[in-house]
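Working notes, structure below.
The values are calculated or read from the model by the stated rules, or taken from the named source; none is laboratory data. The model shown is predicted, which means the values in this text are computed figures rather than measured ones. When we count neighbours, we look across all protein chains shown, and the Cβ atoms used for this are built from the backbone with ideal geometry, even at glycine.
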Amino acid sequence: MRYPEGCGITPISISSGRILVRLPHARETASSNLTMIIINDYNPAWPTEFEAIRVSLMDILGPLALRIDHIGSTSVPGLGAKDVIDVQITVEALAPEVRQRLIEAGYEYWEAITQDHVPLGEDDDPKLWTKFLFNQPNGRRRANVHVRINGNPNQRYPLLFRDYLRAHPNSARTIELIKREIVKRHANDLEAYYDLKDPVYDLIWEAARDWSRQTKWKPT
């Protein structure tokens, strides 16, 4: 399993029948029907598009959703990204009611994906990295919706990664430059794209953790 951007996660079905889960951080995620990687210039409409999704999800889940956040590269102003909105829903527990409400609202549930990638050095207890993953209802704006438990490291990870890149625009620009250079060479090779990109995100993660300790960071 790998990181999706922004800390979001990407389900990719490949010919061997395996499903790869990629946790980006600033969860680049890709939709399941993505056949060619395209990094778009930053779109100032992305926050507004996220807000429309957030309002809809709040109507669906009500108090079951403790918070709903825009994560991934599209949540970082000025950062180019794949045109997929990553959303994180924070809950007290991965209750069946949460899953059922989203399914009934038309969200596509990825039953095979139950965990996020565990960064090196982190506690690998599966309970800390569990999640639900959904894609948008048919015909709606492309989105990856991640449901994670409040306080778990995989719930804090995309929020910290997002806030770190927002506070460090040079790091965000470097991330975009690296992604664009990889895509120049591997636009049709998802495996190569993530194999080259993931170590960069691991380096950023270490820097983000140091920054969080120095600033006493808390999710906004």
message = Among the numbered criteria (1) in a strand (DSSP E or B); (2) surrounded by fewer than 14 Cβ atoms within 10 Å (Cβ to Cβ), which one does residue 148 miss?
response = (2)
request  = Count, please, the residues in region 177-212 that happen to be under 25 Å from residue 153 (Cα atoms) and of a type in the set (Asp, Glu).
outcome  = 5
inquiry  = With the requirement that a residue be surrounded by 17 or more Cβ atoms within 10 Å (Cβ to Cβ) and under 30 Å from residue 188 (Cα atoms), what does region 35-68 give you?
reply    = 37, 39, 46, 49, 50, 53
key: region 108-127 residues that are over 11 Å from residue 152 (Cβ atoms) and at pLDDT 95 or above, paired with ones that are part of a loop (DSSP other than H, G, I, E, B) and not polar (S, T, N, Q) (beta carbon under 6 Å, 6 or more apart)   = none
Residue 138, sole failed condition from (1) closer than 27 Å to residue 103 by Cβ; (2) buried (at least 21 other Cβ atoms within 10 Å of the Cβ); (3) modelled with pLDDT under 95 = (2)
request  = Answer yes if at least one residue in region 85-101 is assigned to a loop (DSSP other than H, G, I, E, B) and in contact with a Lys or Arg (Cβ under 9 Å, 6 or more places away or on another chain), and no otherwise.
outcome  = yes
ask   = Within region 102-113, is even one residue of a type in the set (Asp, Glu), crowded, with 22+ Cβ neighbours inside 10 Å and in a loop (DSSP other than H, G, I, E, B)?
value = no
ask   = Restricted to region 179-205, and to residues that are within 19 Å of residue 119 (Cα to Cα) and of a type in the set (Val, Ile, Thr), which residue is surrounded by the fewest Cβ atoms within 10 Å (Cβ to Cβ)?
value = 200
query = Can residue 162 be described as among the basic types (Lys, Arg), in a helix (DSSP H, G or I) and under 13 Å from the mean Cα position of the chain (by Cα)?
reply = yes
remark   = Scanning region 196-219 residue by residue, the ones that are touching a His at 6+ places or on another chain (Cβ under 9 Å) and more than 14 Å from residue 171 (Cβ to Cβ) total 2
request  = Select, from 32, 16, the only residue that is over 18 Å from the mean Cα position of the chain (by Cα), closer than 29 Å to residue 189 by Cβ and at pLDDT below 95.
outcome  = 16
ask   = So which residues in region 72-102 are farther than 15 Å from residue 131 by Cα and either in contact with a Pro (Cβ under 9 Å, 6 or more places away or on another chain) or β-branched (Val, Ile, Thr) (or both), if there are any at all?
value = 72, 73, 74, 75, 76, 77, 78, 79, 84, 85
key: Single condition residue 173 does not satisfy, out of (1) exposed (fewer than 15 other Cβ atoms within 10 Å of the Cβ); (2) over 20 Å from residue 40 (Cα atoms); (3) not acidic (Asp, Glu)   = (2)
